[in-house]
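Worksheet: one structure, shown below.
The values are calculated or read from the model by the stated rules, or taken from the named source; none is laboratory data. Given the structure is predicted, the values throughout are model-derived calculations rather than measurements. Cβ placement follows ideal geometry from the backbone for every residue including glycine, while neighbour counts extend to all protein chains displayed. Surface areas here come from the heavy atoms of the whole protein model, side chains and all, with no ligands, DNA or RNA. Shrake-Rupley method; radii C 1.70, N 1.55, O 1.52, S 1.80 Å.
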Amino acid sequence: MKIYVNGAVTTQFGELWGVSPRSLARGSVESALKDAGIESGQVEALFVGNMLSGMLGGQEHLGAFFAEELGLSVPAFKVEGACASGGLALHNAVNSLLSGQYATVAVLGIEKMTDHKPEDVATALMGAGSEEERSAGATFPGLYAMLARMHIQEFGTTEEQLAAVAVKNHYHASLNPNAQFHNLLTVEQVMGSSKVADPLKLLDCSPISDGAAAVILSSKKAKGSVEIAASVVATDSLGLAQRTHLTQLTSTQKAAQKAYHIAGIRADDVRVAEVHDCFTIAEVLAMEDLGFFPRGEAAVAIEKGETRLGVSTRVVVNPSGGLKGCGHPVGATGVKQVVELVEQLRGSAGKRQVDNATIGLSHNVGGSGATAVVHILKK
Ligand code: COA
């Protein structure tokens, strides 16, 4: 059986203080239904990707909450997997279709973060880490800073090369009307921004964001359908201390290898990718773990522009602006990545259009690599 994305929409990402989670959900799901050309009565189940609504907003039970808001009296599920919640919700929705239980389902990824104090958000996000990391006072910028430090030591990666990831992704975001940031950056600006967790600076980090994205998945092909050729999840230890390697995420490697096998493709066949750049070092790791570049060579390639729109002849990475430029409302990110790929594969991405986009890959990570979700989409 083949599974298709028939409708795909993202809201504006950013600091959306005047917009409620209810209206973000309505805006994205109603637009996705319209994009799919179906009525809400044809949706047989709802999958919601979200991480923080319980801890920050006091509202759990999001499946039923949003089903009621959307006027869908159907089975509804909240799926949580830290920053990979959106990707995991998609994976579960795909499996529900493959099982034959449903023929058409909606997936909503949503997060509202900026209404809360930054320190409360940082504490809530650390719910994705290990108990030891929390009790040591670690934060996600701190954990990824350790991964960056290891990459610098092992491969001679430079802070300027990390900065090049942010420069590229802000450029791509400047072409995306729904992105949180539209300002271009220079390497010097990134290097001169305040240190958050050495060697990572403010402009190496994805921001705190609000936003939602929705897709309509179906086992029935429709006009504008894009096929989901593989949907794979892999896991690793929650804490970094339990890992054998700190310059690679084995969950990403495992998920990618299995996804390539299921889709019958090689890493080299991917022409457009949306990857999890929660911090600049994370995009470097992803490039190597997904097999786009040999170990230790991705940072140099990114610095040369080999993954940049208009320059790359191989794979364009994060044309949406990624988490860094487009924003990272954590539960929404994994769904937004797929929305961007659908636009790319349909040829409707406007100024961000990647030439010859026929195969796309999305890569969504929870925590510091404890969960990795890879989807492969085909035209
Ligand atoms: N990139 C670009 N600009 C950013 C930014 C980012 N990541 N974060 C904040 N800014 C901007 C703000 O828009 C603001 O600009 P303004 O003064 O023109 O309005 C300015 O920088 C200061 O913002 P502020 O909200 O005070 O920043 P902060 O110090 O509270 O937070 C971080 C900055 C980097 C600590 C925060 O964005 C963060 O924690 N990011 C990581 C989130 C995370 O861990 N996600 C999970 C990943 S696994």
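Please specify each residue of region 199-225 satisfying the condition of being of a type in the set (Ser, Thr, Tyr) and within 16 Å of the ligand (Cβ to nearest atom).
In the first step, residues of region 199-225 are kept if they are of a type in the set (Ser, Thr, Tyr); the result is 206, 209, 218-219, 225.
Those that are of a type in the set (Ser, Thr, Tyr) and within 16 Å of the ligand (Cβ to nearest atom): 206, 209.
In the set 273, 241, which member is of a type in the set (A, V, I, L, M), more than 13 Å from the ligand (Cβ to nearest atom) and farther than 25 Å from residue 158 by Cβ? Don't jump to the end; show me each part of the working.
On the way: 273 fails: farther than 25 Å from residue 158 by Cβ.
Sole residue among the options that is of a type in the set (A, V, I, L, M), more than 13 Å from the ligand (Cβ to nearest atom) and farther than 25 Å from residue 158 by Cβ: 241.
Please find, among 70, 90, the residue that is more than 23 Å from the chain's Cα centre (by Cα) and either open to solvent by less than 30 Å² (accessible area, probe 1.4 Å) or closer than 17 Å to residue 335 by Cβ (or both). Outline the logic, then answer.
Numbers: 90 fails: more than 23 Å from the chain's Cα centre (by Cα).
Step by step, each of 70, 90 is checked, and only 70 is more than 23 Å from the chain's Cα centre (by Cα) and either open to solvent by less than 30 Å² (accessible area, probe 1.4 Å) or closer than 17 Å to residue 335 by Cβ (or both).
With respect to the numbered conditions (1) out of contact with any Phe, Trp or Tyr (no Cβ under 7 Å at 6 or more places or on another chain); (2) open to solvent by less than 10 Å² (accessible area, probe 1.4 Å); (3) within 16 Å of the ligand (Cβ to nearest atom), which one is the sole condition not fulfilled by residue 329?
That leaves (1) as the condition not met.
Does residue 254 qualify as being closer than 27 Å to residue 329 by Cα, more than 16 Å from the ligand (Cβ to nearest atom), of a type in the set (D, E, K, R) and surrounded by fewer than 22 Cβ atoms within 10 Å (Cβ to Cβ)? Write out each step before concluding.
Values: closer than 27 Å to residue 329 by Cα: yes; more than 16 Å from the ligand (Cβ to nearest atom): yes; of a type in the set (D, E, K, R): yes; surrounded by fewer than 22 Cβ atoms within 10 Å (Cβ to Cβ): yes.
For residue 254, the condition - closer than 27 Å to residue 329 by Cα, more than 16 Å from the ligand (Cβ to nearest atom), of a type in the set (D, E, K, R) and surrounded by fewer than 22 Cβ atoms within 10 Å (Cβ to Cβ) - is met.
Return yes when residue 241 is touching a strand residue (DSSP E or B) at 6+ places or on another chain (Cβ under 9 Å) and either surrounded by fewer than 17 Cβ atoms within 10 Å (Cβ to Cβ) or modelled with pLDDT of 95 or more (or both) and no when it is not. Step through it out loud before you land on a result.
Working: touching a strand residue (DSSP E or B) at 6+ places or on another chain (Cβ under 9 Å): no; either surrounded by fewer than 17 Cβ atoms within 10 Å (Cβ to Cβ) or modelled with pLDDT of 95 or more (or both): yes.
Answer is no for this residue.
Please count how many residues of region 176-203 are open to solvent by less than 40 Å² (accessible area, probe 1.4 Å), in contact (Cβ under 8 Å) with a residue 12 or more places away in the chain and either in a loop (DSSP other than H, G, I, E, B) or under 16 Å from residue 351 (Cβ atoms) (or both).
5
Of the residues that make up region 304-315, is at least one away from the ligand (no atom under 16 Å from the Cβ), under 30 Å from residue 138 (Cβ atoms), over 11 Å from the mean Cα position of the chain (by Cα) and open to solvent by less than 10 Å² (accessible area, probe 1.4 Å)? Break it down stepwise before answering.
Step one: of region 304-315, the residues away from the ligand (no atom under 16 Å from the Cβ) are 304-315.
In the following step, the residues that additionally are under 30 Å from residue 138 (Cβ atoms) were identified as 307.
Checking which are over 11 Å from the mean Cα position of the chain (by Cα) leaves us with 307.
After this cut, where a residue has to be open to solvent by less than 10 Å² (accessible area, probe 1.4 Å) as well, the list is 307.
Checked against the condition, which is being away from the ligand (no atom under 16 Å from the Cβ), under 30 Å from residue 138 (Cβ atoms), over 11 Å from the mean Cα position of the chain (by Cα) and open to solvent by less than 10 Å² (accessible area, probe 1.4 Å), region 304-315 yields at least one hit.
Anything in region 50-67 that is more than 17 Å from residue 367 (Cα to Cα) and either in contact with an Asp or Glu (Cβ under 6 Å, 6 or more places away or on another chain) or open to solvent by 60 Å² or more (accessible area, probe 1.4 Å) (or both)? List them, or say none.
54, 58, 59, 60, 61
Return the pairs, sorted by first residue and then second, in which the second residue is among the small types (Gly, Ala, Ser), the first residue lies in region 352-364 and is open to solvent by 10 Å² or more (accessible area, probe 1.4 Å), the beta carbons are less than 7 Å apart, and the residues are 6+ apart or on different chains.
353/347
Pairs, please: C-beta under 6 Å, at least 6 apart or cross-chain, first residue over 13 Å from residue 82 (Cα atoms) and in region 115-126, second more than 9 Å from the ligand (Cβ to nearest atom) and open to solvent by less than 80 Å² (accessible area, probe 1.4 Å)?
Qualifying pairs under 6 Å: 116/56.
Please enumerate the residues belonging to region 98-111 that are among the aliphatic types (A, V, I, L, M) and either surrounded by fewer than 24 Cβ atoms within 10 Å (Cβ to Cβ) or closer than 13 Å to residue 78 by Cα (or both).
Passing the criteria: 98, 103, 106, 107, 108, 110.
Return the residue satisfying two criteria in turn: it lies in region 73-87 and is among the small types (Gly, Ala, Ser) and either within 16 Å of the ligand (Cβ to nearest atom) or farther than 18 Å from residue 215 by Cβ (or both), and of such residues it is most open to solvent (accessible area, probe 1.4 Å). Before you say what the answer is, go through the steps one by one.
Start the filter on region 73-87 by keeping residues that are among the small types (Gly, Ala, Ser), which leaves 73, 76, 81-82, 84-87.
Within this subset, residues satisfying the condition of being either within 16 Å of the ligand (Cβ to nearest atom) or farther than 18 Å from residue 215 by Cβ (or both) are 73, 81-82, 84-87.
On the way: 73: 120, 81: 11, 82: 10, 84: 0, 85: 0, 86: 0, 87: 1 Å².
Selected residue: 73.
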